[in-house]
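A quick write-up on the structure given underneath.
The values are calculated or read from the model by the stated rules, or taken from the named source; none is laboratory data. A quick note: this is a predicted structure, and the numbers were derived from the prediction, not measured. We place every Cβ from the backbone using ideal geometry, glycine too, and count neighbours over all the protein chains shown. We work out accessible area using only protein heavy atoms, side chains counted, and drop any ligands, DNA or RNA first. Shrake-Rupley method; radii C 1.70, N 1.55, O 1.52, S 1.80 Å.
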Amino acid sequence: RQQGIHPLAYFSVIFDNWNFEHHPDWRILGAEGNNARLQGRYGVVCPNSPYRDYVVACVKEIVGNYDIDGIFFDMTFWPDVCYCPHCAGRFVSEHNAEPPRMVDWDNPTWIAFQKARQSWLLEFANTVTNTVKSIRPITVNHQYSTIFHNWTLGVPLELTQACDYVGG
C-alpha cells in the first residue's frame, strides 16, 4: 500500500487437487462415471457438493483475516458435465427426472439439465460473492472469459451479476 499497490487475493475454485484427493465424493463425475484428473493436471470438484461449504469457509477466512482490496475467483465454470450424486440428486429433486446422459438439443429434459447447470453455477458464484460482500465491500471478479466457449462449460451470461467487473 505504501507503494500504491492494492493487494488482491486469488482463489482457484472447482480445480482443486487437495479436495479432489481428500474428498472423493466431491469429485465431478462425467457421463461415463469417470472422475480422473482433467488432462492429468487438476482434480476437479463439484460446486453442488459440500465443496461449496468449504469454499465459503475459505472465503470467510481470507476476506476476514487479510487486508485485501479485491479477490479474483478463477475457474468458475464446469470443466465437464457432472453426474455426481449431488448433481443427479438435485436435478431429480428440482425436475423430477434423471439427468440425461446423452446430449440431445431436441430433448426438453436435456435442455432443462443444461439450464440447471447454468443456474447452479450462477448460484455458486453468487454465494461466493455474497459471502465476500457480507464481510467487506471489496472488489470481486469471477473468471468470465469462458463465456466465449461452447455450452459445455455451463457459464451463463448472468455470471456478470456476481462480478464487480468482468474479465478473463
Long-range neighbours under 7 Å by Cβ, at least six apart or interchain, first residue outside any helix (DSSP H, G or I) within the range 98-114, second among the β-branched types (Val, Ile, Thr): Glu98/Val92; Pro100/Thr109; Trp105/Ile111
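Just wondering, is there one or more residues in the range 24-39 that are out of contact with any Cys (no Cβ under 9 Å at 6 or more places or on another chain) and assigned to a strand (DSSP E or B)? Before you say what the answer is, go through the steps one by one.
Start the filter on the range 24-39 by keeping residues that are out of contact with any Cys (no Cβ under 9 Å at 6 or more places or on another chain), which leaves 24, 31-34, 36-39.
If we keep only those that are assigned to a strand (DSSP E or B) too, we end up with 38.
Yes; the residues of the range 24-39 include at least one that is out of contact with any Cys (no Cβ under 9 Å at 6 or more places or on another chain) and assigned to a strand (DSSP E or B).
If you go through the range 80-112 one residue at a time, how many are touching a Gly at 6+ places or on another chain (Cβ under 9 Å) and open to solvent by 20 Å² or more (accessible area, probe 1.4 Å)? Reasoning before the result, please.
Filtering the range 80-112 for residues touching a Gly at 6+ places or on another chain (Cβ under 9 Å) gives 80-83.
Now restrict to residues that are open to solvent by 20 Å² or more (accessible area, probe 1.4 Å): 80.
Here the count works out to 1.
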Residue within the range 126-135 that is at pLDDT 95 or above, in contact with a Cys (Cβ under 8 Å, 6 or more places away or on another chain), outside any loop (DSSP other than H, G, I, E, B) and of a type in the set (Val, Ile, Thr) present: yes
Selection status of Tyr54, surrounded by 15 or more Cβ atoms within 10 Å (Cβ to Cβ), part of a loop (DSSP other than H, G, I, E, B) and either in contact with a Ser or Thr (Cβ under 8 Å, 6 or more places away or on another chain) or not charged (D, E, K, R) (or both): no
In the range 148-168, residue surrounded by the fewest Cβ atoms within 10 Å (Cβ to Cβ) [restricted to those that are in a loop (DSSP other than H, G, I, E, B) and within 14 Å of the chain's Cα centre (by Cα)]: Pro156
Hits in the range 1-21 (condition: part of a loop (DSSP other than H, G, I, E, B) and farther than 16 Å from Ile62 by Cβ): Arg1, Gln2, Gln3, Gly4, Ile5, Ile14
Pick from the range 136-147, criterion part of a helix (DSSP H, G or I) and under 20 Å from Cys82 (Cα atoms), ranking: most open to solvent (accessible area, probe 1.4 Å): Ile147
Failed condition for Ile62, given (1) open to solvent by 50 Å² or more (accessible area, probe 1.4 Å); (2) over 13 Å from the mean Cα position of the chain (by Cα): (1)
